[in-house]
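Note sheet for the following structure.
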Amino acid sequence: MKLGSAFGFGASRVLASMSQALSLIILARGMQPDRYGMVSAYIASAMFIAVALDLGTSSVVLRYGNSQTSEGDSDFLHRQWSASALTTGLGLSGVSIATAFTLGALFVGGVEPWWSIATIAIWVGFERVSDLMNAYHLGALNEMAVSRNLVSRRISALFLQTLLLFLVEDSLIAFCGGLAFSIVVNLPPLLVFMRNSTRSRRSAFAYPFKESMHFWIAATSSQSRELEVPAVSHFSGATSAGVYSVAVRLQRPLLVVGVALAQLLLPRIAGHHTHPIRGLRAILIATFISLLASTAAIPWIGDILVFVLGSQYLPATDTARIALLFSAPIAFSPSIGGLLQGLGRANVVARVGMSYAVISIVCTCLASIAGGAALAAAAVGLVFTIKYVHLLVLALASSHD
């Protein structure tokens, strides 16, 4: 793995994550914590459903789209699997839009306007198609195309949202306007990709759901963290959900780096371009540096929240400090999972991921009842720290097999 390529890809993911974080900050600053908690819970639930409905198609495209790990018929079969998964994934993106809209109409339809629910639902489907396209490019080791697409999506949304904020007073209108603009600006390359995928890459083979099941379970269990905000909202109230959502958003920039590292490692480990030990070394160094940086920011987090979001979010200080403390192991667990998937241990990653996802959600619900957002953040942090150590032990054992 070339250092320059990895650094550029990681930097683009961080820039995109910071742009999205700023977009959500603008949204939160214009709302009281209780209303932001409801909107955030809806977005999180819609994103989780979209990943669940992906059925592992993105991971199959990433793992097998440009397979160089075998020869002859098996290599051809892997690429046919990828083509079939690609077509299936495009169709499932439409299903995710309908499901997200139905979810919004049922749970926030009486509070938020229908156009906001529709915009967010369409954006969720748009994100899934973009993820499929990026998975294909990453499988081809074309990180530059992925970086351009991701940064373009986030920057364009933030640009119009900021512009609209000077024209309207409602931050939700500005937020949804930014999402709509991002869809319009980045739609042409997606349409070209969709046309080429469904016309020239048709597969005579059925979509290998059994093959992708482990990838799907791993992705869904990882994305189950999106259910934490709705859980806190249900058991501790919308205000606590707003506080919790703000706190866990602080983990997102690091989490994006961890996921980016996983996406870089998976095709390289699978294609024998990078040795597993070298990949593990990169993960451990990234974890250590991130732990130092997040720990150093803890004493200042209260002042940062007041400055960025306003005094109404000062109660999120303790929860945010706890979230930052555990941000490094949470962020880089997916990186170790990606390495194990590249080594052909997708079934192990799925089993571990699902186990800890269930434990995490249960702990979130119990902690929300017992102590609110802060205790929930601590419980989740401990669970995912144990998961990080567990995956690390498995990766070390697998790397020497």
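Rule-based calculations on the coordinates, nothing more; no lab input. Here the structure is a predicted model, which means the values were calculated and not measured. We place every Cβ from the backbone using ideal geometry, glycine too, and count neighbours over all the protein chains shown.
Each of Trp300 and Ala105 was given a label point 7 Å from its Cα along the Cα-to-Cβ line. The distance between the two points is 4.7 nm.
How would segment 280-401 be classified by its alpha-carbon gyration tensor: rounded, prolate or oblate, with rounded meaning a/c under 1.5 and the a/b versus b/c comparison settling the rest? Note, shape of segment 280-401 comes out oblate.
Distant-in-sequence amide contacts of Thr274, defined by a placed amide H-H separation under 5 Å and a gap of 5 or more residues or a different chain, comprise Ile269.
Give me Phe181, Phe288, Phe384, Phe332 ranked fewest to most by other Cβ atoms within 10 Å of their Cβ, as a rough exposure proxy.
Numbers: Phe181 18, Phe288 12, Phe384 22, Phe332 28.
The order, fewest Cβ neighbours first, is Phe288, Phe181, Phe384, Phe332.
Modelled spin labels at Ala145 and Ala397, positioned 7 Å past Cα toward Cβ, are 3.8 nm from each other.
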